[in-house]
1. What do you reckon, is residue 337 outside the structural domain of residue 214 (by TED's automatic domain parsing), out of contact with any Lys or Arg (no Cβ under 9 Å at 6 or more places or on another chain) and either outside any loop (DSSP other than H, G, I, E, B) or surrounded by 23 or more Cβ atoms within 10 Å (Cβ to Cβ) (or both)?
2. Among the numbered criteria (1) charged (D, E, K, R); (2) over 35 Å from the mean Cα position of the chain (by Cα); (3) within 12 Å of residue 559 (Cα to Cα), which single criterion is violated by residue 526?
3. Quick check, is residue 290 within 18 Å of the chain's Cα centre (by Cα) and either surrounded by fewer than 23 Cβ atoms within 10 Å (Cβ to Cβ) or assigned by TED's automatic domain parsing to the domain that holds residue 334 (or both)?
4. For the structure I just gave you, tell me whether residue 49 is in contact with a Pro (Cβ under 7 Å, 6 or more places away or on another chain) and of a type in the set (A, V, I, L, M, F, W, C).
5. Out of the strands (runs of 3 or more DSSP E) lying entirely within segment 23-111, which hold 1 or more residues that are in contact (Cβ under 8 Å) with a residue 12 or more places away in the chain and within 18 Å of residue 180 (Cα to Cα)?
6. Sort out which residues of segment 71-90 are under 33 Å from the mean Cα position of the chain (by Cα) and exposed (fewer than 11 other Cβ atoms within 10 Å of the Cβ), and write them in order of number.
7. Counting just the residues of segment 567-579 that are surrounded by fewer than 15 Cβ atoms within 10 Å (Cβ to Cβ) and touching a residue at least 24 places away in the same chain (Cβ under 8 Å), which one comes out farthest from the chain's Cα centre (by Cα)?
8. Scan segment 277-302 for residues that are assigned to a helix (DSSP H, G or I) and not hydrophobic (A, V, I, L, M, F, W, C) and jot them down.
Amino acid sequence: MRLLLIGLFISNLCLAQTNSYDISFENAVHHEAKIKANFPQLKANSLILEMSSSSPGRYAIHQFAKNIYDLKATNSKGDALVAERVSPSTWKIKGHDGEVNLEYLLFANRADGTYSQVDETHAHLNIPATFIYPKNLEHREVEVHVNIPKESNWKIATQLKKLQEDTFYAPNLYYFMDSPIEVSDFEMKEFNMDGKTIRFALHQKENTAQFETYFEQVKKIVEQEKMVFGELPAFDFDTYTFLACYLPHVSGDGMEHRNSTILTDTESIEEGGMKNNIGTVSHEFFHAWNVERIRPHDLEPFDFTKANMSGGLWFAEGFTSYYTNLILTRAGIISNEDYVNGLNGTFNYVWNSPALKFFNPIEMSYQAPFVDAATSLDPVNRENTFISYYSYGSVLGLALDLSLRKKDLNLDDFMKQVWQQHGKKEVTYTIEDLQNILSDYAGKEFAVNFFERYIYHSEMPNYMELFENVGLKIKQNKNEVEFGAAIKNAKEHIVISGNPHRGKPAYNALLEAGDIITSVDGILIKDKTQWGQLLENYAPGKSIEVKYMRNNKEAKTQLHLSANTTYTICINKEASKKAIKAREKWLQKR
């Protein structure tokens with residue numbers, strides 16, 4: 001979330017009252033935290049207490065109040081006060097004497113970038129999922145005291161300012177809400193760059209000698225991302241902290257914050273995390289510029305009580321996703337070949353999606369409250385109506401970068417311009433602002449063409465030409481056939497596991513998710529392997545009879561097979577010297 005720099009608060013908040021919290025973990029084995037809070041010198045006759053329903057970096061509703069219970073309130077003398085629940089996430093306390101003391105229990109058993117987890121291995125605390133806050137006192141300073149369990153080796157890592165070993169400070173509620181805390185027996189490594197301290201707190205089952213190797217990769221990522229923007233952000237308290245929990249009982253995630261990031265995964269460094277987790281490091285640190293300081297206008301002010309919607313996530317999340325693997329390549333962590341091969345999955349997901357017919361990248365971004373870790377009971381048709389703004393923005397970032405390189409420009413310098421005009425000054429941007437900056441950088445005609453065709457509409461850029469310019473090639477195998485729906489093994493048959501894609505053979509044959517395919521042209525189908533081998537025997541244009549079970553009734557349909565639309569992107573071994581040089585300039589270390 002976007003927050004004003006710390007220095008702005010010093011002069012006008014020096015006399016502000018401080019809200020304080022105390023958290024302890026006596027019943028950690030049952031995932032409980034005990035939280036006490038003190039809200040002093042209250043002027044209003046009643047105090048409204050709120051538990052967040054959303055969290056910085058997330059766009060959907062999560063209703064954290066569901067894990068709060070045994071709530072008690074007293075005044076300054078210890079007399080009991082009535083906490084009237086006036087909404088699922090709101091309490092009203094009347095009749096206080098100018099001070100309210102609060103105590104409650106929190107159940108916390110999901111460690112990721114959204115929720116909190118308390119157990120015998122750690123206290124992983126996302127602030128909105130943990131602490132009730134007083135409404136209309138957002139300007140107040142906040143202190144939190146963390147009671148480390150006795151006979152433990154736990155320590156505390158957070159972007160909050162340290163006052164004592166177990167007590168930390170935030171200049172206001174918004175900074176507090178944006179400051180996750182990890183309490184555990186972690187290892188900490190740090191390095192200095194341009195007067196800023198970059199710290200990495202690693203919590204695993206046990207310490208590892210490979211942490212040093214992993215940390216060297218982190219350094220390279222920080223260096224290469226700094227080169228994109230030309231400088232590091234002005235981190236508050238001159239420090240940035242990675243909070244990594246690589247444990248078998250956490251949930252894989254990454255979540256950016258103003259001066260820190262949460263990294264969670266079930267794989268430790270030794271168990272595959274060296275390769276599989278480093279991409280999240282690259283993605284989340286890029287957010288220190290793009291989304292934390294280069295901030296969409298429609299995400300401000302961030303509202304903790306409702307879903308937060310933005311039309312700019314194709315840029316905030318998508319362009320960050322484009323740079324994720326590009327940075328790993330420039331840092332020498334993955335090879336050029338691995339980078340190019342890695343383009344295929346995202347590219348095919350986006351450009352073969354029927355959803356292009358319904359929504360442009362801005363409208364895809366608007367759907368974040370429905371998909372960003374959101375839950376619902378009713379079936380949805382995402383296969384046909386939604387493309388992740390992460391993926392959509394990523395392939396558009398690729399197209400813009402390669403288009404600019406045709407003009408001897410590049411996306412790095414465009415991002416620098418956005419940083420200088422918006423991020424460094426912490427001035428929010430609109431979609432129109434991005435177009436104007438591109439117009440100033442690459443010309444009005446270029447900017448209008450890109451935004452009109454690919455942002456305000458859903459056209460596909462000419463990737464064949466763009467790839468050729470950097471020594472890549474793209475092709476489709478029109479001799480193969482496609483089915484147009486995901487399948488999985490069932491009992492002695494296969495079942496359609498997702499909604500068929502609009503316009504594809506399965507959709508046109510009126511097949512549906514849940515249909516059990518039993519035979520093709522009289523041949524019994526037993527598993528996915530047999531199904532794939534069978535389809536290899538047919539050419540595009542062929543019609544086959546498919547028998548299937550739906551709602552315990554047998555039916556049959558004619559399936560008219562069409563040509564496979566899957567793209568394959570690879571390095572062109574016969575590329576010109578000019579194209580090879582352009583590719584090296586694109587992918588090489590800065």
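The values are calculated or read from the model by the stated rules, or taken from the named source; none is laboratory data. Here the structure is a predicted model, which means the values were calculated and not measured. So basically every Cβ, Gly included, is an ideal-geometry build from the backbone, and we count neighbours across all protein chains shown.
1. Details: outside the structural domain of residue 214 (by TED's automatic domain parsing): yes; out of contact with any Lys or Arg (no Cβ under 9 Å at 6 or more places or on another chain): yes; either outside any loop (DSSP other than H, G, I, E, B) or surrounded by 23 or more Cβ atoms within 10 Å (Cβ to Cβ) (or both): yes.
In short, yes.
2. Result: residue 526 fails condition (3) only.
3. Details: within 18 Å of the chain's Cα centre (by Cα): yes; either surrounded by fewer than 23 Cβ atoms within 10 Å (Cβ to Cβ) or assigned by TED's automatic domain parsing to the domain that holds residue 334 (or both): no.
No: the conditions fail for residue 290.
4. So residue 49 passes the test.
5. 32-39, 100-107
6. Restricting attention to segment 71-90, the residues satisfying the condition of being under 33 Å from the mean Cα position of the chain (by Cα) are 71, 85-90.
Correct list: 88 only.
7. 576
8. Kept after step one, since they are assigned to a helix (DSSP H, G or I), are these residues of segment 277-302: 278-286, 297-299.
The answer is 279, 280, 282, 283, 284, 297, 298.
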